[in-house]
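Reading through the structure tokens given below for one structure.
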Amino acid sequence: MRQMTRLTLTISLSIALGFTTGCENKTASSATHRSEAAPAVMEKPVVERYPLPERMRGINTQTDHGCPTPEMARIFSQWGVNAVRINFETDAAAQGIPDEQGPAPTDQNPLAPYSKNIGLLKEFTKACKEYNIKVVVAADGIYGRRLDYFYKSGGDDFRKGLKKHILDFWKAFAIEFKDDPSIVIYDVLNEPNYSGNSPSQDNGDVWSKDIFPSALAQIRSVNPDIWVMVMAWPWGLAVGMDTLPVYEDKHIIYSFHTYSPHEYTHQGVGSNKAKRGEYTYPGMMQEYDSSPMEKWDRAKYVEAIQAAINFKKKNNVRILVGEFGVIRWAPGREQYITDVISVFEEQGFDWLFHSYGAWNGWNPSFAADSPEATSPPASVDGGIHTGVHQILLENWARNNASQKTAASK
């Protein structure tokens, strides 16, 4: 999504013109001209307050039972990660209990439901500063959010039920973390989704033309320089970028999540529990359970995210693949991860693998047959150097190569 820092150098030079009769002393004349020349005016280079790496290659985690921790930042640094995205939620959600069992936000303290996680986040970002890791904070389990997995509510319900919580959260969060140098991107809402009856709701206008711009305004009232990320509607799917607006703000990053084909990457998960081991990549499979059987390989994957590729080329913007991954027991997962990362690199996308911490189904440090664990500490690190982990390490190593190249220039 972005090659970011732009240095603007404007040099204005006014030269006083003189006329001679041809009889004057040329040396004296030249001296006169030099003294009359206006001095060069040079503007100072623009320095980003929140500089980003040339390319972000990193990983996801989330607030969950005491995570993230400074030790996780140390591990990420050893792996070569240069950016971490945190799905941030209420203290109650992080403990797996309903929001109603924790404190509610108030006008005086909009961050009351998040106090413990804010403390954890501050300790984590201190460590990230030490290891030069950039942090993306995504609003995920925001107080009052009820993920509408079955698309029963409409855009108006989404707006009435969640908008105020999002706006209050981001203004208060921006104040709380304005001086934290490690947090460089605010991801306004993780995987926005809802359904509705009107076309404006169906194409995401409630999100992209109302809730997101309103949240952006709240953030900008506190911090004019932080990067703010907008995700395609619904669910952050790449296809949603066909209708995503381009915002008149120079510090916007555009994002999508990709798990295509979903039936492959999520086999053995949730409603796909019985399909564990059913599909091997590359091969014949369905995108969703209602989709036709098709051959999925690298070329088909490019086709699946073509809307995001087109959006970047058309608008010359930076795109961050905020989440991608494959369940750790999916046959052919090494080739899948190799292919999708090669596409991201080819297209100039930043990318963050999902995930480390919380439920260990996606965690690259657990083997395919490792027992499932739902929460830390058992779910954090499996201690296994898997094939997927090796592929990620090889690609994260590009971060160090990029830093050395930049330092030599």
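Points worth noting:
- Filtered residue count, the range 93-112, keeping only those that are closer than 18 Å to Ala172 by Cβ, of a type in the set (A, V, I, L, M) and surrounded by fewer than 16 Cβ atoms within 10 Å (Cβ to Cβ): 1
- Lys164 falls short of the stated requirement of being of a type outside the set (Asp, Glu), part of a loop (DSSP other than H, G, I, E, B) and either modelled with pLDDT of 95 or more or surrounded by fewer than 19 Cβ atoms within 10 Å (Cβ to Cβ) (or both).
- Look at the range 383-402: where a residue is closer than 16 Å to Trp362 by Cβ and a partner is outside any helix (DSSP H, G or I) and among the hydrophobic types (A, V, I, L, M, F, W, C), sitting 6+ places away or on another chain with Cβ atoms under 7 Å, you get Ile384/Phe366; Ile384/Ala367; Thr386/Ala367; Leu392/Phe353.
- Subset of the range 261-300 [of a type outside the set (D, E, K, R) and touching a helix residue (DSSP H, G or I) at 6+ places or on another chain (Cβ under 6 Å)]: His266, Gln267, Tyr279, Tyr281, Met285, Gln286, Tyr288
- Residue satisfying condition, being of a type outside the set (Lys, Arg) and surrounded by fewer than 17 Cβ atoms within 10 Å (Cβ to Cβ), within set Gly348, Gly325: Gly348
- The single condition among (1) free of Cβ contacts under 8 Å to residues at least 40 places away in the same chain; (2) crowded, with 16+ Cβ neighbours inside 10 Å; (3) within 17 Å of the chain's Cα centre (by Cα) that Trp227 does not meet is (1).
- Check on Tyr281, under 30 Å from Val228 (Cβ atoms) and modelled with pLDDT of 95 or more: no
- Among the numbered conditions (1) over 15 Å from the mean Cα position of the chain (by Cα); (2) at pLDDT below 95, the only one that Ala232 does not meet is (1).
- Condition check for Lys314: part of a helix (DSSP H, G or I), surrounded by fewer than 18 Cβ atoms within 10 Å (Cβ to Cβ) and at pLDDT 95 or above: yes
- Remark: pairs (first residue in the range 332-345, small (Gly, Ala, Ser); second residue at pLDDT 95 or above; Cβ separation under 7 Å; 6+ apart in sequence or on different chains) = Gly332/Thr280; Gly332/Tyr281; Gly332/Pro282.
- Set Ala368, Ala308, Ala358: member being surrounded by 15 or more Cβ atoms within 10 Å (Cβ to Cβ) and either in contact with a helix residue (DSSP H, G or I) (Cβ under 6 Å, 6 or more places away or on another chain) or assigned to a strand (DSSP E or B) (or both): Ala308
- Scan of the range 281-297 for residues that are surrounded by 17 or more Cβ atoms within 10 Å (Cβ to Cβ) and either of a type in the set (A, V, I, L, M) or out of contact with any strand residue (DSSP E or B) (no Cβ under 8 Å at 6 or more places or on another chain) (or both), ordered by number: Met285
- Taking the range 317-333 as the range and being under 19 Å from Met284 (Cα atoms) and among the aromatic types (Phe, Trp, Tyr) as the test, only Trp329 passes.
- Tabulated pairs, the range 96-122, first under 15 Å from His165 (Cβ atoms) and free of Cβ contacts under 8 Å to residues at least 12 places away in the same chain, second of a type in the set (Phe, Trp, Tyr) and in a loop (DSSP other than H, G, I, E, B), C-beta under 9 angstrom, 6+ apart or interchain: Ala112/Tyr143
- Hits in the range 244-274 (condition: among the charged types (D, E, K, R) and surrounded by fewer than 18 Cβ atoms within 10 Å (Cβ to Cβ)): Glu248, Asp249, Lys250, Lys273
The values are calculated or read from the model by the stated rules, or taken from the named source; none is laboratory data. Quick caveat, the model's predicted, so the values are computed rather than measured. When we count neighbours, we look across all protein chains shown, and the Cβ atoms used for this are built from the backbone with ideal geometry, even at glycine.
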